[in-house]
Structures are given as structure tokens and as C-alpha cells.
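The values are calculated or read from the model by the stated rules, or taken from the named source; none is laboratory data. This one's a predicted model, so the numbers in the text were calculated from it and none came from an experiment. Positions of Cβ are generated from backbone atoms using ideal geometry, with glycine treated the same way; all protein chains shown enter the neighbour counts. Remember, those area values only see protein heavy atoms, side chains included, never the ligands or the DNA or RNA. Shrake-Rupley method; radii C 1.70, N 1.55, O 1.52, S 1.80 Å.
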Amino acid sequence: MNKTIKLLIVLGVYLNASGVQAFGNEFLDFGFYQMGYSCEHKGFNWIQYETVPDTGELKRYKGFHREDKLPEHCRKKSTSTFKRPAGTTQYHRGHGVHSNLWDHSVKMMRATNTMANVVPHEAYQNVHGLWRYTEKLTECYRDLGTVNVWLGNVWGNDETNDHFVLSHGVTTPDFLWKVLVRSDGEINAWIIPNNRQATQYNAARYEVSVQKILDTVNYQVPGLDGLASHKVSKTWWLPKGCSLR
């Protein structure tokens, strides 16, 4: 990995460890990923983690739980799905850190199923859209070297999609963002609308600089500002032979 980028990542981890509430309402450290959490929106502002090689194929952990690391007033009200009436836009419990990256450990998979790591994702985007493609990229490139990941939500001001405030207390983000840094120093970054528009095939429309992400969000993201001046690559293709199991 490029030494400059590596230094910035180490600095970000240090800030995470030392500035518990400096970058959001609550800071949560799950060991293998860190989170800045918004009590106002009852969801994460940002998450940072780095991948490990794929060494497992455990079955998906199904249960979800409310996060006991958070004060009661910050927790989502429910662990239930974001199901809506037939014929309306559907949403899934969308993960920040997706579970399959940690399918070598039941404990770690369970830690990704905290509702603190979940926000409403438009269903198609969550399963077939560009957001899902970024998860595939993360899974595939981790076997070629460590991938450092930053991601988060742009809460926005569109209240027409805030369908789950009464049931769960959570704001539906208007946009999702993600930054991937490969072991060779190449960077991908996107701001993705939380609807079905963005896919891997039109990803170029949603590619942005890291600085654009920092200018868009209204919170600080530890370690990310150090990448703001780095060149961002076009969205990568999946490497041949990648297994998503």
C-alpha cells in the first residue's frame, strides 16, 4: 500500500480510539469496525473498517438486535423489517458493514446485525444496485490485499421517504456514500442515491472525489480528509474468478 495512504489510515484509527465523541453523537468501536452514530437520525453517520482475507463460508446470521452500547434514547425502536404496503417503494434493512465479509466468525457476523449498522435501503439498490456492487468489489479485492473502507449516509432533507420514523425512529438517508482504498493505493468513491437508479453499469455518473463527499456531509469522518487530494479511479471491474460465497 502507498505509504502516505497507510499513514493516513493509521492516523484515522488513532483518532477513532482517542476522540470518542468528537466526530458525532456517539462513537462505537466493535473491534473490527468503528462507527460514528447520529442519535438524531438513529443511524450511523460513518463507518470505517479494513478487510481480512476470505477464510469462511458460514451460513448467514439471521437475527438482528438493538444496540446495547447506545443510550436507550439513541437506539432504534424495533428490529423488525422495513416492509411497506404492496405497490409502494420497498426498503430493506441495509447494512453498512455487510455480514458476508465476516463469514468465518459467528460472533463477528452477529456484530454486523446490530440495528446500529442498519438503515433503510431501497430494496433494489440493496440487492442489485451500485451499493450491492460496491460490496462485491470489497469481497473480491480483499483476497488480493487489504481493502480499507469508509462509508456513510447523507441524511438530506427529503421527508417523503422517511417512512420509518414512527415504527423505528430512523431517518431514511437520501444518499449513501462509500470510499474503497485497495492495497495498491487505488481509490474508488461514490455518492449513491437511495433509490433504484444507480447500478454497476452507470456507475460513472455517481463517481466523485473524496473531497466531494467531505463537502457533502455535515459531520467529520476520521482519516478521510487525508485522502481528499488523492486521485480517484474509475469504478473497478470484478476480478476474474472471484467467489462471493
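Of note:
- Residue in segment 156-165 that is open to solvent by 10 Å² or more (accessible area, probe 1.4 Å), on the phi > 0 side of the Ramachandran plot and touching a strand residue (DSSP E or B) at 6+ places or on another chain (Cβ under 9 Å) present: yes
One line per residue, one yes/no per condition, for (1) under 22 Å from GLU26 (Cβ atoms); (2) hydroxyl-bearing (Ser, Thr, Tyr):
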site	(1), (2)
LEU151	yes, no
GLY156	yes, no
LEU166	no, no
THR171	yes, yes
SER183	no, yes
ARG205	no, no
ASN218	yes, no
ASP225	yes, no
SER229	no, yes
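- The lone exception for CYS74 - which of (1) open to solvent by 10 Å² or more (accessible area, probe 1.4 Å); (2) within 15 Å of VAL170 (Cα to Cα); (3) more than 18 Å from the chain's Cα centre (by Cα) it fails: (1)
- Only one entry in VAL179, VAL170, VAL210 is of a type in the set (A, V, I, L, M, F, W, C), touching a Lys or Arg at 6+ places or on another chain (Cβ under 6 Å) and either without any contact (Cβ under 8 Å) to a residue 60 or more places away in the chain or closer than 19 Å to MET35 by Cβ (or both), namely VAL170.
- Condition check for VAL221: under 24 Å from CYS140 (Cβ atoms) and either open to solvent by 30 Å² or more (accessible area, probe 1.4 Å) or under 17 Å from the mean Cα position of the chain (by Cα) (or both): no
- Applying the set (1) touching a Phe, Trp or Tyr at 6+ places or on another chain (Cβ under 7 Å); (2) within 15 Å of GLY96 (Cα to Cα) to PHE164 leaves exactly one unmet item: (2).
- Some residue of segment 134-147 being in contact (Cβ under 8 Å) with a residue 12 or more places away in the chain, buried (at least 22 other Cβ atoms within 10 Å of the Cβ), out of contact with any Ser or Thr (no Cβ under 7 Å at 6 or more places or on another chain) and among the β-branched types (Val, Ile, Thr): yes
- Pairs with Cβ under 8 Å, 6+ apart, first in segment 48-71 and open to solvent by less than 50 Å² (accessible area, probe 1.4 Å), second of a type in the set (Lys, Arg) and part of a strand (DSSP E or B): PHE64/ARG93
- Only one of the listed residues (ASN100, ASN126, ASN153) is among the polar types (S, T, N, Q), assigned to a strand (DSSP E or B), surrounded by 15 or more Cβ atoms within 10 Å (Cβ to Cβ) and in contact (Cβ under 8 Å) with a residue 24 or more places away in the chain. That residue is ASN153.
- Check on ARG84, more than 22 Å from THR134 (Cβ to Cβ), at pLDDT 95 or above, open to solvent by 40 Å² or more (accessible area, probe 1.4 Å) and in contact with an Asp or Glu (Cβ under 7 Å, 6 or more places away or on another chain): no
- Exactly one residue out of ALA189, ALA203 is touching a residue at least 40 places away in the same chain (Cβ under 8 Å), closer than 14 Å to LEU176 by Cα and not in a helix (DSSP H, G or I): that is ALA189.
- Just one of (1) of a type in the set (D, E, K, R); (2) within 23 Å of ASN100 (Cα to Cα); (3) at pLDDT 95 or above fails for ASP143. It is (3).
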